[in-house]
Amino acid sequence: MTPSEPLTADPADPTLPTLGAESGDPAPASGVARILRFTRAERALHWATAVLVLTCAATGMILYVGELSALVGRREVLKTIHVYAGLALPVPLLLAYAGRWRAAVRRDVRSLARWSPADTTWLRSFGRRAADQVGKFNAGQKANAAFVAGLIPVMLATGSIMRWFEPFPLPWRTGATFVHDWTAIATWVVVTGHILVALSKPASLRAMVTGRMSRRWAQRHHPRWAEEASPG
Amino acid sequence: MDQPPSEGERRERSEAGAPVGRRIVLSMLGLGAVGVVAGDQIQATLEEVLRPVTENDPTGLTSLAPTAGRFRIYTVVNPMPERSETDYRLTVDGMVDTPLTLSLADLRDRPPTELVRDFQCVTGWRVPEVHWTGVLLRDLLDEAGVASGATHLRLWSFDGAYTESLTLEQARRDDVMAAYEMLDGPVSREHGGPVRLYVAPMYGYKSLKWLERIEVVDDLTPGYWEMRGYDIDAWVGDSNGRDDDPI
């Protein structure tokens, strides 16, 4: 950054790029109509959380699986990385709610949290039925988001009891380990599924990288959202 | 509701939808809280029920489940140390009349002691009824002859990092040994072979792996985890904030 550039974007100046306000950006000249799916703040939230979850999952697996523990060693370092990555887990979400960019985050959280009857139909038929009812997020994406939202406080609380066990009633340490272990196994299953689905749907993955999605893909997979979404 | 909802109301409600996301999150929090409070009991019950399954599982996959009553392999260095049975030597020195240097064969020549006792980790897992064979520390200390004024042992691992401490009184118990067999075979590399410490009445971190040196001293130097906050006297059920039944 050169000294002439402002440290923060001035909201009054429309020529400056601002976090989470990309809908005003000019559409790309490629000819394919693309619509804004995720703001920069939302993508930052997703990828920061992803890096932290994967760090916790990788270090946690090494600490947990004896064969890997024996192979890697360095228990003290791994524990430290695991604990700090875990403590940082809620930080991206808190930051996402901390600025002017929160409007888009809040809107998406709201549509992730609400389930229509069509969502249930969609989920039960593995996406074969009620596909014309899907809005910005399908039921699989909603389930994944809810799981991660529950995962963070559960792992944070049980991990903290494991790490700072002194003030807690005595059997809680075993109980916290028990919950932490099983939730970790569930996380491995869900995160692996999430990554496999993302790789099999490159357009959705690209939207989480670039923020934009082609209108055609949106019309096919998120028809009710495509109706209302404005061009990127 | 007496009257059917109007078209507009119905549309609005279906767009809003049920708060399933919140229900999922709250369910996870509830289950988590129950698990923390009751997990101790649930785990014990599950272990009891599942033991026949995990013991007869040829794939070994079920032993990865958090309930399996299995050993978890902890090592503080990388790579895990390795010493062949022929190269192995155990030194007993410090405040002794006759320092000892013993090969594995020398240890096997001495009167063996067998124990069948649980191995309990301070983090909550426990492997029931492990079979141990080794030489009591008391026998080694008597052979070397402890000088007057000595009060403690400093125990060294050949991993180059891990150390432990015991008082002489603790070391002289009849359930504290230098073990060369566990789980019905030689102590494997990952379990701290060829020779490890086994301190039956204390949590697992006292049972130092890859035992190389027993130094008799007259002061206390806390061991590896003890410098990082663990109790020095690690009696099972009576330390580290725990009161579970002693084994």
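Can you say whether B:H131 is surrounded by fewer than 19 Cβ atoms within 10 Å (Cβ to Cβ) and either out of contact with any Cys (no Cβ under 8 Å at 6 or more places or on another chain) or farther than 22 Å from B:A105 by Cβ (or both), as far as the supplied structure shows? So B:H131 fits the description; yes. Can B:R172 be described as within 15 Å of B:V92 (Cβ to Cβ), of a type in the set (K, R) and in contact with a helix residue (DSSP H, G or I) (Cβ under 9 Å, 6 or more places away or on another chain)? Answer is yes for this residue.
Being touching a helix residue (DSSP H, G or I) at 6+ places or on another chain (Cβ under 7 Å), surrounded by 15 or more Cβ atoms within 10 Å (Cβ to Cβ) and within 20 Å of A:A198 (Cα to Cα) is a property that A:T55 has. Of all residues in segment A:134-152, those that are at the interface with chain B (Cβ under 8 Å from one of its Cβ atoms) and either closer than 23 Å to B:W125 by Cβ or in contact (Cβ under 8 Å) with a residue 24 or more places away in the chain (or both) total 5. Considering (1) in contact (Cβ under 8 Å) with a residue 40 or more places away in the chain; (2) more than 19 Å from A:H82 (Cα to Cα), the lone condition that A:W188 does not fulfil carries the number (2).
Return the total of residues in segment B:108-158 being within 14 Å of chain A (Cβ to nearest Cβ) and out of contact with any Lys or Arg (no Cβ under 8 Å at 6 or more places or on another chain). Counting residues in segment B:108-158 that are within 14 Å of chain A (Cβ to nearest Cβ) and out of contact with any Lys or Arg (no Cβ under 8 Å at 6 or more places or on another chain) gives 1.
Residues in segment A:68-82 that are at the interface with another protein chain (Cβ under 7 Å from one of its Cβ atoms), part of a helix (DSSP H, G or I) and of a type outside the set (S, T, Y) were compared, and the one that is surrounded by the fewest Cβ atoms within 10 Å (Cβ to Cβ) is A:E76.
Looking at segment A:117-125, is at least one residue out of contact with any Cys (no Cβ under 9 Å at 6 or more places or on another chain), of a type in the set (A, V, I, L, M) and in contact (Cβ under 8 Å) with a residue 24 or more places away in the chain? No: zero hits. Only strands (runs of 3 or more DSSP E) whose full extent lies in segment B:76-166 are considered here, and the ones with at least 2 residues that are over 24 Å from the mean Cα position of the chain (by Cα) are B:89-94, B:100-103. Inside segment B:114-125, residues that are surrounded by fewer than 19 Cβ atoms within 10 Å (Cβ to Cβ) and out of contact with any Pro (no Cβ under 6 Å at 6 or more places or on another chain) make up a count of 6. Among the conditions (1) within 22 Å of B:Y205 (Cβ to Cβ); (2) surrounded by 15 or more Cβ atoms within 10 Å (Cβ to Cβ); (3) modelled with pLDDT of 70 or more, the only one that B:R70 does not satisfy is (3). The residue of segment B:192-234 that is surrounded by the most Cβ atoms within 10 Å (Cβ to Cβ), among those that are touching a helix residue (DSSP H, G or I) at 6+ places or on another chain (Cβ under 7 Å) and at pLDDT below 95, is B:A234.
Of the residues making up segment A:22-40, at least one is modelled with pLDDT of 55 or more and either under 18 Å from A:L94 (Cβ atoms) or part of a helix (DSSP H, G or I) (or both).
The values are calculated or read from the model by the stated rules, or taken from the named source; none is laboratory data. Note that the structure is predicted; figures quoted are calculated from it, not measured. Cβ atoms come from the backbone with ideal geometry, glycine included; neighbour counts cover every protein chain shown.
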